[in-house]
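J.: Here's a structure for you.
Rule-based calculations on the coordinates, nothing more; no lab input. Given the structure is predicted, the values throughout are model-derived calculations rather than measurements. For neighbour counting, all protein chains shown are included, and Cβ atoms are generated from backbone atoms with ideal geometry for every residue, glycine included.
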Amino acid sequence: STDCPGDNLYRALPSIRKEVSVQVGAGRQRSEVTLTPAARRITYGGSTDISGVLSDEDGAPMVGRAITIYWRPSGGRWKVLTTTTSSLDGSFGTQITPEKTTSVAAVYGGDASVWEGQSGSKKIWVKPIVNLVAREAEADVGGTYRYPAGSPRAYLGGTVEPALRGQSVRVYIYKLMDGTETLVKEKSVLLDASGSFSAGFKFSEVGTRYRAAAWYQQGGGYAPSRSDSIFFEREV
């Protein structure tokens, strides 16, 4: 049997409509742009890859097209990071080393047959580097800082990089006893111009071991971050 000419025309209508609309520019295909950072949280000074795919509305990769990747640091304006070209599978990418929490997005400018497209904005959180030490004390081979017998106080201090003057860190001190931890002090301290901070702790017991850590509270365009724990005690 043979198909009715009307049936053939009906089946062909979608492709005919698409071809005609593309030619007259009234119905250009949509483009789809994705963009994904390899890491959503990085440490200050670190880098991450960002990659994406350019495809048409049917999901087919678009090859050899110019893609502009933009970035915007926290509190700043959008700027061009780089312009790159989509590969055979429609993929593209670059690397970024943000100095503070940053948003990124990718834009395809379109052409005569395909509309422009833009990815969603993705945020990359940057964590400052927080260091904490016990001052005026010597660390033993196990890493515990030991204050001499009779020392009235422990002197803790550290730095935050980059130097975020006027921002704060919160210092937590826990007493360790019988396998449990008890919070005995917490204090917020401001960072000075060099990013340094200090906090004192008055001993109330001898021979007791303590653990301390410093937390940077989110702000100033940076994500929350914490120091490694340190341990200290006053000798009997």
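J.: Taking the simple approach of a point 7 Å from Cα along Cα-to-Cβ for both residue 180 and residue 95, what is their distance in nm?
T.: Inter-label distance under the simple model: 5.0 nm.
J.: Can you give me the relative contact order of the stretch 27-158 as a percent, contacts being Cα pairs under 8 Å and 6 or more apart? Could the numbers behind the result be given before it?
T.: Details: 307 pairs, mean separation 35.0, N = 132.
Relative CO of the stretch 27-158 lands at 27 percent.
J.: Check the chain and count each lysine pair with an alpha-carbon distance under 22 angstrom, considering only pairs eight or more places apart or from different chains.
T.: For the chain, the number of qualifying lysine pairs is 13.
J.: Right, something else. Measure off 7 Å from each Cα along the Cα-to-Cβ vector at residue 131 and residue 47, then give the distance between these two points in nanometres to one decimal.
T.: Label-label distance for residue 131 and residue 47, simple model: 2.4 nm.
J.: Sticking with this one: For Cα pairs less than 8 Å apart in space and 6+ apart in sequence, what is the mean separation divided by the residue count of the stretch 157-202, i.e. the relative contact order in percent?
T.: 48 percent
J.: Highest mean first, what order results for 125-133, 149-157 on Cβ atoms within 10 Å? Don't jump to the answer; show the numbers that get you there.
T.: Working: 125-133: 19.8, 149-157: 15.2.
Packing proxy ranking, top to bottom: 125-133, 149-157.
J.: If you compute Kirkwood radius over Cα pairs in Å for the structure shown, which of (1) 17.8; (2) 22.3; (3) 19.7 do you land on?
T.: (2)
J.: Further, regarding this structure: What would the Debye equation give as log₁₀ I(q)/I(0) for the stretch 29-127 at q = 0.12, 0.14 Å⁻¹, counting only Cα atoms as equal point scatterers?
T.: For the stretch 29-127, the Cα-only Debye profile gives -0.37, -0.49.
J.: Using DSSP, restrict attention to beta bridges with both residues in the chain and report what percent are antiparallel, rounded to the nearest 5.
T.: For the chain, the DSSP antiparallel bridge percentage is about 90.
J.: Here is a follow-up. Can you sort 51, 229 by how many other beta carbons sit within 10 Å, fewest first?
T.: Working: 51 16, 229 13.
Going from sparsest to densest Cβ surroundings: 229, 51.
J.: Continuing with the same structure: I want to verify the translational diffusion coefficient of the stretch 57-110 in µm²/s; compute it with Stokes-Einstein, Rh as the Kirkwood radius over Cα pairs, at 10 °C and 1.306 mPa s.
T.: Values: Rh = 12.2 Å.
Taking Rh from Cα pairs, D becomes 130 µm²/s.
J.: If you don't mind, another one. Which order do the peptides 73-84, 99-110, 192-203, 176-187 come out in when sorted by mean C-beta neighbours inside 10 angstrom, highest first?
T.: Going from most to least packed, we get 99-110, 192-203, 73-84, 176-187.
J.: Given +1 on the Cβ of Lys and Arg, -1 on the Cβ of Asp and Glu, and no further charges, what dipole in debye does the chain carry about its Cα centre, rounded to the nearest 20?
T.: Using Cβ point charges on Lys, Arg, Asp and Glu, the chain gives about 920 debye.
J.: Another question about this same structure. Give me Rg over Rh for the stretch 129-234, both radii from the alpha carbons and Rh done the Kirkwood way, two decimal places. All intermediate terms of the calculation are to be shown ahead of the outcome.
T.: Details: Rg = 13.9 Å, Rh = 14.1 Å.
Expressed as Rg/Rh, it is 0.98.
J.: Can you compute the charge dipole magnitude of the stretch 129-234 about its Cα centre, using +1 on each Lys and Arg Cβ and -1 on each Asp and Glu Cβ, nothing else charged? Give it in debye, rounded to the nearest 20.
T.: It comes to approximately 260 debye.
J.: Angle, helix 5-24 long axis vs. longest principal axis of the chain, Cα atoms, 0 to 90°, nearest 10?
T.: The angle comes out at about 60 degrees.
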